[in-house]
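Notes follow the structure.
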Amino acid sequence: MLLFFRNIPAPTRPNELYFFVAMAVSEDLIEQTERVIIVDVMVIRDRRTNQLEHHGLVSVSSEEAGICAIKNLNGLLFNDCEVLVRCYKQRDVKNDRRRNGLPVAQALVEKRIQDRRRGNSVEVYVDFSNVFYPINL
C-alpha cells in the first residue's frame, strides 16, 4: 500500500519519515523494518505562485500496515507540523474519468478547478529520495 503524506516540515529527510511511520505500524523493532519498504520525500514548486510544498510517499508491506499508519499518524505533529496522511491512489485508464469518457458531476469539476489539477504549473523541485535513504536494522 502506498501512503501520501502532506504538509511535512521543510527539512524532513527520508530516514526521519521512515522512523516516524515505522513506529506507528508496529511496536516490534524487527517487524517495523519489514513493514516500511520505501520512503520518498519531495519538494514540489507551484510555478504560478512560486510556493514550495513538501510531500512524502511511503510504501508499506500490507494494507493492514497502511491502515494502521493512517489511523495512528493522520493529524499528528511531526517536527512541529500537523501531517495529513491518506492512501495514495494512482490513476490509470480504468479509474480516470477524464480519459475514459465517463460523465463527471459538476460539483467535482468545480472542486478540481478550485484546488487541484494544477498540471503543468507544478514541478518536482527537489527529490531527496536519492540523497539519503533509511537505514535497515
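Taken together, the values in this text are just the output of simple stated rules run on the coordinates, not laboratory data. It should be emphasised that the depicted structure is a prediction, and the values quoted were computed from it without experimental measurement. Positions of Cβ are backbone-derived with ideal geometry, glycine not excepted, and every protein chain shown enters the neighbour counts.
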Working out 0.36 nm times the residue gap between residue 123 and residue 13, then minus their Cα-Cα distance, what length gain in nm do you get to one decimal? 37.7 nm
What spacing in nm lies between the two simple spin-label points modelled at residue 79 and residue 23, each 7 Å away from Cα in the Cβ direction? 1.4
